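A.B. asks: I'd like to ask you about the structure that follows.
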Amino acid sequence: MSRPTRPASPPQPKRPASYEARILLFGGALFMASCETEAPTSEAGAAPAATTEQPAAPPTTPAEAEPKGPRVAPAVDSRVAASHVLVSWQGAVGARPNITRSKAEAQNRAQEALSLLKDGKSFKEVAKGWSDDSTGPRGGSLGGFGHGTMVEPFEKALRQLQIGELSGLVETPFGYHIIRRDAVQEVHVAHLLVTWSGAERAPPSVSRSQQEASARAQESLSQLVAGASWEETVRRYSDGPLSNDAGDLGWFGRGQLATALDDVAFNLDIGATSEVVETARGYHILRRLE
């Protein structure tokens, strides 16, 4: 399932040029929507702003790539953040083949989900249990995005909300949405990745075992704790595609990183380095840059 967006070009923050490499790292279980390589201009490429006539489905996951030029901090006043519950019907844009409900049935289901939220059930739990979007397993979070990113009905409804406020049912070509406006929270992070043969999307050149990968990750962390340069340590130890650029992943919003990494990244002080964190991709060490 895809988030209700059409690629657009928010002016800030400056992000990596392609989703492809970060998809290798963070795609899959957490980010299950389809992903595409974007034009080398911004987070969402350089396509026209949202329209309802030709809705398109960009990735719901960021992607690691070779950064071009200096990082630019997000302009928070030009960006919003949201979570949503999406209930689709058979034939809606991006609907999975196993969705067979009619549009009327989808509307009734969405209304039931909205009633649960109004009765005090947590948004995260409702999204996990009721949403047809790939964001459901992570509580419906879409992270932060700029003006013109979402299809028009979604964006219009969102911008009428205060932070923490819920919308009613919002219809788009993707289905019926319940939208919650969230505070914009973004971090700029780098990482060192050590993977093993058989890990998800590990490069074919990697032949080490998981035990060897764990030992290598701990060794790299020991080097950092002892005062080694982050840049040199990443170049020496990391299997990530950005090892030659100090592992710089760019900016992320809440909920856009894999679950195991999200809280770690946001709980780090600027300039601080994490412990080793394991995901299906490998062993990570994160550093918060901004």
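A.B. asks: Can you tell me how much longer the chain between Glu152 and Ala183 gets when fully stretched, taken as 0.36 nm per residue apart minus their C-alpha distance, in nm with one decimal?
C.D. replies: Result: 9.1 nm gained on full extension.
A.B. asks: Taking θ as phi - 60°, what are the ³J(HN,Hα) couplings along segment 174-183 by the Karplus curve (6.51, -1.76, 1.60), each to the nearest whole Hz, with x for Gly and Pro?
C.D. replies: Result, ordered by residue: 8, x, 9, 10, 10, 10, 10, 7, 10, 6 Hz.
A.B. asks: Which of Phe154, Phe266 has the fewest other C-beta atoms within 10 Å, and how do the rest follow up to the most? The partial results should precede the final answer.
C.D. replies: Numbers: Phe154 27, Phe266 16.
By the 10 Å Cβ count, ascending, the order reads Phe266, Phe154.
A.B. asks: Still on this structure, I have one more. Show the residues, 5+ positions off or on another chain, whose built amide H is closer than 5 Å to the amide H of Leu249.
C.D. replies: Close amide H contacts, sequence-distant or interchain: Val189, Ala190, His191.
A.B. asks: Take each of the peptides 99-106, 173-180, average the number of other beta-carbon atoms within 10 Å over its residues, and list them starting from the highest.
C.D. replies: 173-180, 99-106
A.B. asks: In nm, what is the difference between 0.36 nm times the number of residues separating Arg236 and Phe266 and their Cα-Cα distance?
C.D. replies: Gain in length upon complete extension: 8.2 nm.
A.B. asks: Provide the per-residue ³J(HN,Hα) series for segment 267-275, in order, calculated from phi with Karplus coefficients 6.51, -1.76, 1.60 and θ = phi - 60°, each as a whole number of Hz, with x at glycine and proline positions.
C.D. replies: Along segment 267-275, the couplings run 8, 6, 6, 4, x, 8, 10, 7, 6 Hz.
A.B. asks: Want the number for Arg201 to Leu161: 0.36 nm per residue separation, take away the alpha-carbon distance, what's left?
C.D. replies: Using 0.36 nm per residue and subtracting the Cα-Cα distance, I get 10.4 nm.
A.B. asks: Mind listing the phi-derived Karplus ³J(HN,Hα) values for segment 244-255, rounded to whole Hz, using 6.51, -1.76 and 1.60 with θ = phi - 60°, and x for any glycine or proline?
C.D. replies: So the Karplus estimates, Gly and Pro as x, are 7, 10, 6, x, 5, 9, x, 9, 9, x, 4, x Hz.
A.B. asks: Further question on the same structure: Between Thr172 and residues 5 or more places away or on another chain, which pairs have amide H atoms under 5 Å apart, with H built 1.01 Å from N, and which residues are they?
C.D. replies: Counting only residues 5 or more places away or on other chains, the set is His177.
A.B. asks: Taking Cα centroids, how far is segment 104-147 from segment 220-290 in Å?
C.D. replies: If you average the Cα positions of each part, the centres end up 31 Å apart.
A.B. asks: Tell me, what is the Rg over Rh of segment 89-187, with Rh the Kirkwood radius over Cα pairs?
C.D. replies: Answer for segment 89-187: 0.94.
A.B. asks: What ranking do 269-275, 107-113 get when scored by the average of other Cβ atoms within 10 Å per residue, highest first? The partial results should precede the final answer.
C.D. replies: Working: 269-275: 12.0, 107-113: 18.0.
So the order, starting with the most tightly packed, is 107-113, 269-275.
A.B. asks: Sticking with this structure for a sec: Taking the Cα of Glu290, stepping 7 Å toward and past its beta carbon, and measuring to each backbone N in segment 249-282: which are under 15 Å?
C.D. replies: 249-253, 270-271
Every number in this text was worked out from the coordinates using simple rules, so none of it is lab data. None of the values given here were measured: they were computed from a predicted structure. Cβ coordinates were reconstructed from backbone atoms using ideal geometry, including for glycine residues, and neighbour counts include every protein chain displayed.
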